[in-house]
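Participant: Dropping a structure here in structure tokens format, bear with me for questions.
The values are calculated or read from the model by the stated rules, or taken from the named source; none is laboratory data. Keep in mind that this is a model prediction, so the values were computed, not measured. We place every Cβ from the backbone using ideal geometry, glycine too, and count neighbours over all the protein chains shown.
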Amino acid sequence: MNLAVRRLSPVRRVSFYFLVALLVVTLYLLVAFLQNGAFGFPLDDAWIHQVYARNLGARFEFSFFAGQPSAGSTSPLWSLLLSVGYLLRIDYFAWAILLGIIFLGASGWMTQRVTSHLTDDARAAHWFAPLFLLLEWHMVWAAASGMEIMLFIFLTLALVEAFLAKRAAPLFGLGAGLLVLTRPDGIVLVGLVGAGLLWRALRAATNWAAIAAFAVTFGIVLLPYLYFNLQISGTLLPNTFYAKSAEYAELTQTNFFARWLSLYRQPLLGAQLLLAPGFIYAFYFFARKRAWEKLLPALWLVALPALYAWRLPVEYQFGRYMMPLIPFMIIYGIVGVKFIFEKISARVIRRAWTLTLAALLFVFLFLGATLYAQAVAIINCEMVAVAHFTRANLPPGARVAAHDIGAQGYFDPDRPMLDLAGLVSPEVIPFIRDEAKLKTWMLERGAQYAIFFPTWYPNLAGDDSFQEIFSTNCAVTRGMGEENLRVYEVR
């Protein structure tokens, strides 16, 4: 069987990965359309990327508000890729989904390559690991989200593959720079790979010139963006990094170890939970063999949650910040299970485990489609609906203060806006959770209307200065036990 698998054409095999990616993403889109009667994105942040991309593609400027350069995007590379669609006049939704499909398929391919460095079992590397990733519900959700998640995952896998294959140092640097331009937390994996290169140099497995080439290439790719942020906002990192850290600062007051462990709940929610014994055994196996280089990428599974436990311990939106862990759970899990199966002679146990894993994979795949459709419905009937309301009913030029600015900025782009979340109004970050200071700030900046969920700002919602004039009354949101978005007139 292994021999037959090895003889399959690599081109056909990789093409099959992309075909599967196309089919599963289409499934999610179809379920969402049938349930909602419309397409859309499951996150308001996807609309933020679209605003930046539209201004970049149409005006050649990196901004949220036209004519005002902004350091509010954590993913300039994703905005750049999305902007190509606007430049070529391709439908924005179709282009975003196409990119998601491409990077999902490419992640399946890169999963195969990484797995091949850890095992010589062709079935595990060529089929089990990549197909598991392609059918894993978080991955499909991410590919259909309009977000940078699958691009980030592809680049993490590509960087690890380059490290394990000992590719040229400039290629390391290029991949590392692109990774951080996709999401700042990629610097954690860059640090791990850099440590691996340093370890090789100390063992004379590589030369110091390689490390210098890695650092120089990384700097060339990243420094222009850091300089842009510094010039626009006075900080090296985008406003979003500081805004979210301030907004959720109270969550970091609990026990660090408990926060760190809690962040594994979402990425383990699926069939990959059955792989847990596998990736634990894989760590033990490679450590016993002193195969340290094969263990280094696995440290990503520890380091990324540790970073978020320290700065941003949140699990919302199906744990999207932790989704980049899942491919490595799959890879090490399948490799470890293979090692375990080599010690188990009872074929019935292996078959029962495999069938259970496959069944769970498909159950969660279809469950994820329903969750995706619900998330799209909520964004469409809350944020998108409010943006259409303000565009049609508020006086032209009336200034609005909003907490979720993505759809608002996309569908009502000419309206002056204040950002209560601090992404494009960084001056609000020092008092982002102080409602009294937020009210003063809004009044001083001339806000005539405000848009937020009442429980997010309960004092403002109960203040006589804020008179409700519109509620979405979205039944989907209420059916999930959540509240509707409101528009208030500020008096």
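Participant: Identify all residues within the stretch 364-402 that are out of contact with any Phe, Trp or Tyr (no Cβ under 9 Å at 6 or more places or on another chain), of a type outside the set (Ser, Thr, Tyr) and under 30 Å from Leu273 (Cβ atoms); write none if there are none.
Facilitator: Those that are out of contact with any Phe, Trp or Tyr (no Cβ under 9 Å at 6 or more places or on another chain), of a type outside the set (Ser, Thr, Tyr) and under 30 Å from Leu273 (Cβ atoms): Gln374, Ala377, Ile378.
Participant: Moving on. Residue check: is Tyr52 in contact (Cβ under 8 Å) with a residue 12 or more places away in the chain, part of a helix (DSSP H, G or I), aromatic (Phe, Trp, Tyr) and over 20 Å from Leu371 (Cβ atoms)?
Facilitator: Yes: the conditions hold for Tyr52.
Participant: Could you look through the stretch 80-124, keep only residues that are touching a residue at least 60 places away in the same chain (Cβ under 8 Å) and in a loop (DSSP other than H, G, I, E, B), and pick out the one that is nearest to the chain's Cα centre (by Cα)?
Facilitator: Looking at residues that are touching a residue at least 60 places away in the same chain (Cβ under 8 Å) and in a loop (DSSP other than H, G, I, E, B), I get Thr119.
Participant: Look at the stretch 83-116 and say how many of its residues are surrounded by 16 or more Cβ atoms within 10 Å (Cβ to Cβ) and either farther than 13 Å from Ile334 by Cα or modelled with pLDDT under 95 (or both).
Facilitator: Total meeting the criteria: 21.
Participant: Looking only at the stretch 328-344, decide whether some residue is in contact with a Leu (Cβ under 9 Å, 6 or more places away or on another chain), surrounded by fewer than 20 Cβ atoms within 10 Å (Cβ to Cβ), in the same structural domain as Pro42 (by TED's automatic domain parsing) and not β-branched (Val, Ile, Thr).
Facilitator: no
Participant: If you don't mind, another one. Among the residues of the stretch 264-285, how many are in a helix (DSSP H, G or I), touching a residue at least 40 places away in the same chain (Cβ under 8 Å) and not aliphatic (A, V, I, L, M)?
Facilitator: The total comes to 7.
Participant: For the stretch 444-470, give me each residue that is exposed (fewer than 14 other Cβ atoms within 10 Å of the Cβ) and either part of a strand (DSSP E or B) or not assigned by TED's automatic domain parsing to the domain that holds Ala421 (or both).
Facilitator: Passing the criteria: Gln467, Glu468, Ile469.
Participant: Right, next: Of (1) within 30 Å of Tyr248 (Cβ to Cβ); (2) at pLDDT 90 or above, Phe285 satisfies all except one. Which?
Facilitator: Unmet condition: (1).
Participant: Here is a check on your reading of the model: is Ala276 closer than 24 Å to Met150 by Cα and surrounded by fewer than 21 Cβ atoms within 10 Å (Cβ to Cβ)?
Facilitator: yes
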